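The values are calculated or read from the model by the stated rules, or taken from the named source; none is laboratory data. All figures in this text were calculated on a predicted structure; none of them were measured in a lab. In this analysis, Cβ positions are derived from the backbone assuming ideal geometry, glycine residues included, and neighbour counts consider all displayed protein chains. Heavy atoms of the whole protein, side chains included, go into the accessibility calculation; ligands, DNA and RNA do not. Shrake-Rupley method; radii C 1.70, N 1.55, O 1.52, S 1.80 Å.
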Protein chains: 4
Amino acid sequence: MTDYILRIDCPDEKGLVHKITGVLFFNNLNIERTDEFVDIDNNLFFMRVAFSGDCDPERIEDGLRGILPSTANIDLTTKQVKDVVVLVTKEHHCLSDLLIRNEFKDLPFNILAVIGNHEVLRPLTEKFNIPFHYIPAEGITRVEHEKKIEELVKSYSPDYLILAKFMRILTPEFTEKFSKKVVNIHHSFLPAFIGANPYKQAYQRGVKIIGATAHFVTDDLDEGPIIFQDITRVNHTKNALEMAQAGRDVEKIVLAKALKLVFEDRVFIHGNKTIIFE
Amino acid sequence: MTDYILRIDCPDEKGLVHKITGVLFFNNLNIERTDEFVDIDNNLFFMRVAFSGDCDPERIEDGLRGILPSTANIDLTTKQVKDVVVLVTKEHHCLSDLLIRNEFKDLPFNILAVIGNHEVLRPLTEKFNIPFHYIPAEGITRVEHEKKIEELVKSYSPDYLILAKFMRILTPEFTEKFSKKVVNIHHSFLPAFIGANPYKQAYQRGVKIIGATAHFVTDDLDEGPIIFQDITRVNHTKNALEMAQAGRDVEKIVLAKALKLVFEDRVFIHGNKTIIFE
Amino acid sequence: MTDYILRIDCPDEKGLVHKITGVLFFNNLNIERTDEFVDIDNNLFFMRVAFSGDCDPERIEDGLRGILPSTANIDLTTKQVKDVVVLVTKEHHCLSDLLIRNEFKDLPFNILAVIGNHEVLRPLTEKFNIPFHYIPAEGITRVEHEKKIEELVKSYSPDYLILAKFMRILTPEFTEKFSKKVVNIHHSFLPAFIGANPYKQAYQRGVKIIGATAHFVTDDLDEGPIIFQDITRVNHTKNALEMAQAGRDVEKIVLAKALKLVFEDRVFIHGNKTIIFE
Amino acid sequence: MTDYILRIDCPDEKGLVHKITGVLFFNNLNIERTDEFVDIDNNLFFMRVAFSGDCDPERIEDGLRGILPSTANIDLTTKQVKDVVVLVTKEHHCLSDLLIRNEFKDLPFNILAVIGNHEVLRPLTEKFNIPFHYIPAEGITRVEHEKKIEELVKSYSPDYLILAKFMRILTPEFTEKFSKKVVNIHHSFLPAFIGANPYKQAYQRGVKIIGATAHFVTDDLDEGPIIFQDITRVNHTKNALEMAQAGRDVEKIVLAKALKLVFEDRVFIHGNKTIIFE
C-alpha cells in the first residue's frame, strides 16, 4: 500500500472528474480526498487527488493521458519528503526555524545544505550537522556568483530551493533554471512596500499592521505567485527596528506554513497566482 | 440552464466519486466545483458538487440512489435563496446586521418574519417592512410559549430558524422539530464560558481574547455543531460591559459568515461536528 | 462632577508630566488614566489624561499655558458625543453600520446629516429619520460641487466629516478647510493597491489577504495618517467581486473601530502618522 | 546615564502621578514613557515609568516611600536582561524557540539552565552550550522530585522559571516558593479545555479555532493570571494530532510574546489577572 498525490491541470471540459476518477477506480485504488476547482474566467481545470493502493504509476499516467486533453499537466508523486537547499545571508530567524523543523521532522522536508553569501550562519547550521557552503559575492560578477550557486545547488538535486532571507536579487536567468521550484519569504505584506527596507517604509508610513509574504520566485522579483501571507499589529511606539523585530516571527511562521502547503503538493501555479487546496 | 448544489454523505467505499460524477456526466451536466472528504476514522464519505445544465432532478436522484449505499443522504437543491425566521430578545446588533443584509441582498436569504419575546426590536424590524411578532413568555409555561412560537414559525415554512441573541433556552422537544435547521450565535468562544453571563466570566478570568461561536442548535444547549468562530483582543482596561460591547461586532460578523456557509449549502452535520467545504 | 479628556502635544522637556499633573492636582481634580509617549527621534511629547472633578476649564488651560512650551497644543474637552456629517456615494455597507450604531448609541456620535452625490441611499437614511441631501456632481465643475458640499456641511457645524465610501476625490482646498477632521475608509490595506479598483488589483495579484484602512484625509489622497487597519483571508476561489464582498465587512468594522478611537479623543496626528492611546 | 523601569501599585488616591513624577523630576531624571491605570472597581493604582539619568536608586525609593501609601509595592530595576531556568519534558518546540532566541539575543533574557524530567531534550540543549539537568520523577515521591528541582533552580538564582511544555503538575508548595516568577505555556485557549489532552478535547468538540495561553502559575493550575493568548484556525480535515501540530507554532510564539512583556517589566499581577502596559 502506497500513498499517492495526483495533480492535474488542463483546459476544462465536461466529464473530467468522472474520467479521472475512473482511471483510479478501474485500477482498484482508493481515493481519500478530492479537491477540484474550475477557473471559469480562463476555462481551466485544477484537480488534486490523494489516493492509496498498489499501482504501477506509469500505467496510471498512461491511462490519464488517454482521457485528458493533450496539454494537460499530470503530476503523480509518492515522494512525501522533499529535498531542499536553503539560501541565506545574515539573518538567522527563518533558517533557525527551518533547521529546528528539519531536526525534529516538523515539516515534510530534508535540508541537504545551506548556502550563504556571508559566513555568519555557519556555526548555527553546523550545530545541526547540515553542510554550510560560503559563496561570497565579493570580487566577482553577479553572473559568476550565480553560476557558482547554480552548480552547487545542482550537485544536490533538490526538489526546492528556499530563500530564507537571502538578500540578493536573483537574475531571471537563474530563476528560470529552477522554474516553479524557488520559494522566497518577503519581509512585507506584498504588494505593499515592494523593494528595499520595507520596515523602514512601513514605519515612515505609520501603518498599524505589518505582514510577510511567502511566494514563488519568478523573473519579476516581487511579482511571483503568492502562497501564504500573515500579519501582526504594530503601533506608534515601534520604530523601524522594532517593526523588523516584530516582523521576524511572522516571517518565519509564514515561510513554514507556505512550505508545508508546497511540500504536501497542495499548490498549483498559474500565471502569477496560486491555486491551493488546503 | 440551472445551477445545482448536490450534497451526499454515506459510508465510504471505493469508486464513489467516479460513480457519482458518472451520473452527472451521462446526464450531460457540467461540474463547476467538487469537494470531497473522507472521515477515515469513521469511514464516512462527504461530497458537495456544484454543477449546471438542464436536468430532471428526480432522474438525477434516482440515478444516484442506484449507485450509492442505501443509507446515503442525498440533497439536491436549486434553491439559492433560503427563507428564514429570526428569533430575538432585546439586543439589536445581530438582528440589525441581518435586516441590513436582507434589505441589500448581501446574504442569500429572505427574512420572512421576526419573533421576539420582548417588543423592543419591533420598531427596528418594521423600518424594513418585515413582520414582527411579539410572543411574551410571561404568565404561561415554557411549553406553552414554545408551542406558540412553533405554530407561528411553521406558518411561515422557513428553511432555517435563526436565533439572533434569543436569550431563552429552547427545550429539546422544540429543537427536534427543527432538527439541523436552527442556527444560534453564542456570545463566547465555545467551549469557554458555557452558560450565563460569558462576558462577566471572561472579565473575572482576565482573558486577553474574547470570541463568538455560531452553531447549530441541538438538545444539548452549548454542544451543537460549531459552524464558525472568531475572536477579538481585549485588555485590562475593559470591564465586563466593555467586553460585551467589543464582543458585539464579533458576534454579528460570525453569525453572518456562518449563515453564508449554511445558505450556500456548504455545511454537513455529523454528530456534534460540521464538515464545511469553503 | 464632570469627565474631562485633556490632550497635550509639544516639544519634550524634563518635568512635563510632573508639571501637567500638578496643575490638575492643585485644582483638586482626580486623574483616572494617564497615557504619555515621547517620540525620541523627533523630541516630541504626547499626553492624554482622563480626569474628573469640578473645575473651570479656562483656569486649567491658563495653568497649563503657564508651564508648557509656547508651541504646545492643548485640547481639553468634555464633549463625549461628537457631531458628524456623513458623505456617501452608492455603497450602503458603511453607512448602514453607522446608522444602526447611531440609532442604538453604539458609538459616541450623533449623525446630523448624510450627503450623497447619488440618491440611492436616501431611503435607507430616511428610515432612521436622518436628513439626506442629494448633491449631484453632474453638470457642474468639481470646485462648484465641493463648494455646495462645503456650505451644507458648515451649516451643520459638525466635529467630524466621515467619508463612508464616498467615491470622489476631494481637492486639497476642500480638505484643508476641515483639517484633521475628515475620516475616510479606504477599501484596501494601504499602502497596497493605492488608487482605483483595489479589489480588482488584489484579484489580479492573487493575494491571500485583503484589508481595509481608516485614515484621516489630507492633501495627498491615500497618504493620510492611518488610524486603524484590519484584514480578512481570501483564496483562489474568490473573483474580484467576491473579494469586494468579503472586504465590505472588514471596511465597516474598521471604520467603526477607528471612529471609536477618534471620538474618544485617543488619537493624536503628527505629520502623516497617528499616535493612539488605546 | 542608566535606563530604569519603575513599577508602582497601591491604593488609588489623588495626586499620585504628580507626586511620583515629582520625585523623578527633582532628581533630575528624564521620563521617557509613562503608563498609568486605575482599577476603579477596586480603587487600585498601577503605574510604570521608563526613565533615564544618573541617580541613586535607594534615594529614589526613599523619596517614593515618603509620598506613597505604606502598602505600595515599589519595583525599580535596571536589570534589562533577566536570568531564567527552563523546565521541560519531551516536546521540543517551545524550548527550541527559546534556545534560538537566547543564542541570538532576540529576547532580553539569559537561559542559565534547562531541567528535564526526561532526557530527550538534552542533545538539543547542549548544542547551544546550555547545561541540561535530568531529574527523573520515577521511583521517588512528587515531593522528593520537586525538592530536587527546587534546590537545583535555587542554585541558579534565576529571575524567572519558564515551564516550556513541562507536563507535570506542580504542587502549591512549590509554586509558592517562586511566587509570581513562574510562567507556563498552556496548550489551549484558556479557560476552554482545562486539563489533559486539550487537542483531543478540541477535536472531539469540533472547534474551528484552537489557541494557546501563557500565564503565571499559581496554586490553582489553570487559573493563573493570563499574560498573552493567540489562536489559529483549524477545520474538519484536522484530527487531534494535526490540531496539536498546528497548535505548536501558536504555543511557541505566544510564550515568546508573553516573556517579552514580562522581561520588559510591563506586567503587573493583581489577584488572578494581569495589568499590562504594552
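If the requirement is being more than 30 Å from C:Asp35 (Cβ to Cβ), more than 12 Å from chain C (Cβ to nearest Cβ) and out of contact with any helix residue (DSSP H, G or I) (no Cβ under 6 Å at 6 or more places or on another chain), which of these qualifies: A:Asp219, A:Asp265?
Exactly one of A:Asp219, A:Asp265 is more than 30 Å from C:Asp35 (Cβ to Cβ), more than 12 Å from chain C (Cβ to nearest Cβ) and out of contact with any helix residue (DSSP H, G or I) (no Cβ under 6 Å at 6 or more places or on another chain), namely A:Asp265.
Please count how many residues of the stretch B:191-202 are part of a loop (DSSP other than H, G, I, E, B), within 14 Å of chain D (Cβ to nearest Cβ) and either under 15 Å from the mean Cα position of the chain (by Cα) or aliphatic (A, V, I, L, M) (or both).
Summing the residues that are part of a loop (DSSP other than H, G, I, E, B), within 14 Å of chain D (Cβ to nearest Cβ) and either under 15 Å from the mean Cα position of the chain (by Cα) or aliphatic (A, V, I, L, M) (or both) in the stretch B:191-202 gives 2.
Just wondering, is there one or more residues in the stretch C:144-156 that are in contact with a helix residue (DSSP H, G or I) (Cβ under 9 Å, 6 or more places away or on another chain) and at pLDDT below 95?
There is no residue in the stretch C:144-156 that is in contact with a helix residue (DSSP H, G or I) (Cβ under 9 Å, 6 or more places away or on another chain) and at pLDDT below 95.
Criterion first (open to solvent by less than 70 Å² (accessible area, probe 1.4 Å) and more than 27 Å from C:Asn73 (Cα to Cα)) does C:Ala196 satisfy it?
no
Considering every residue within the stretch D:43-54, establish whether at least one is within 8 Å of chain C (Cβ to nearest Cβ), within 16 Å of D:Phe277 (Cβ to Cβ), among the β-branched types (Val, Ile, Thr) and surrounded by 18 or more Cβ atoms within 10 Å (Cβ to Cβ).
No, the stretch D:43-54 contains no residue that is within 8 Å of chain C (Cβ to nearest Cβ), within 16 Å of D:Phe277 (Cβ to Cβ), among the β-branched types (Val, Ile, Thr) and surrounded by 18 or more Cβ atoms within 10 Å (Cβ to Cβ).
Being within 13 Å of another protein chain (Cβ to nearest Cβ) and farther than 21 Å from C:Thr274 by Cα is the requirement here; does C:Phe37 meet it?
For C:Phe37, the condition - within 13 Å of another protein chain (Cβ to nearest Cβ) and farther than 21 Å from C:Thr274 by Cα - is not met.
Give the residue, chosen from C:Thr34, C:Thr89, that is modelled with pLDDT under 95 and not aromatic (Phe, Trp, Tyr).
None of the others qualify; the one that does is C:Thr34.
Could you say whether any residue in the stretch C:38-54 is among the basic types (Lys, Arg) and outside any strand (DSSP E or B)?
no
Mind checking which residues of the stretch A:25-34 are facing another protein chain (nearest Cβ under 7 Å) and crowded, with 21+ Cβ neighbours inside 10 Å?
A:Ile31, A:Thr34, listed by residue number.
So which of D:Gly15, D:Gly22, D:Gly66 is at positive phi and either open to solvent by less than 20 Å² (accessible area, probe 1.4 Å) or away from chain C (no Cβ under 14 Å) (or both)?
None of the others qualify; the one that does is D:Gly15.
Spot the failing condition for C:Ala258; the list is (1) open to solvent by 20 Å² or more (accessible area, probe 1.4 Å); (2) within 11 Å of chain A (Cβ to nearest Cβ); (3) within 23 Å of B:Cys94 (Cα to Cα), and only one is missed.
That leaves (1) as the condition not met.
Residues of the stretch D:203-216 being more than 7 Å from chain B (Cβ to nearest Cβ) and closer than 13 Å to B:Gly271 by Cα, which ones?
Of everything in the stretch D:203-216, those that are more than 7 Å from chain B (Cβ to nearest Cβ) and closer than 13 Å to B:Gly271 by Cα turn out to be D:Tyr203, D:Gln204.
Can you confirm whether the stretch C:233-252 contains a residue that is within 14 Å of chain A (Cβ to nearest Cβ) and within 29 Å of C:Leu44 (Cα to Cα)?
No: the stretch C:233-252 contains no residue that is within 14 Å of chain A (Cβ to nearest Cβ) and within 29 Å of C:Leu44 (Cα to Cα).
Could you tell me whether D:Asp9 is open to solvent by 30 Å² or more (accessible area, probe 1.4 Å), over 16 Å from C:Thr21 (Cα atoms) and facing another protein chain (nearest Cβ under 9 Å)?
no
Which of the residues spanning the stretch C:261-278 are small (Gly, Ala, Ser) and buried (at least 20 other Cβ atoms within 10 Å of the Cβ)?
none
Given the criterion crowded, with 24+ Cβ neighbours inside 10 Å, hydroxyl-bearing (Ser, Thr, Tyr) and at negative phi, identify the matching residue among C:Thr237, C:Thr213.
That would be C:Thr213, the only listed residue that is crowded, with 24+ Cβ neighbours inside 10 Å, hydroxyl-bearing (Ser, Thr, Tyr) and at negative phi.
Name every residue in the stretch D:69-126 that is basic (Lys, Arg) and either within 13 Å of another protein chain (Cβ to nearest Cβ) or in contact with a Pro (Cβ under 8 Å, 6 or more places away or on another chain) (or both), in order of residue number.
Scanning the stretch D:69-126 gives D:Lys82, D:Lys90, D:Arg101, D:Lys105.
Do the conditions hold for B:Val23, that is, is it assigned to a strand (DSSP E or B) and modelled with pLDDT of 95 or more?
Against the criterion (assigned to a strand (DSSP E or B) and modelled with pLDDT of 95 or more), B:Val23 does not qualify.
Hey, could you check the stretch C:222-232 for residues that are more than 17 Å from C:Ile276 (Cβ to Cβ) and under 16 Å from the mean Cα position of the chain (by Cα) and say which is nearest to the other protein chains (Cβ to nearest Cβ)?
Only one residue tops the list, namely C:Glu223.
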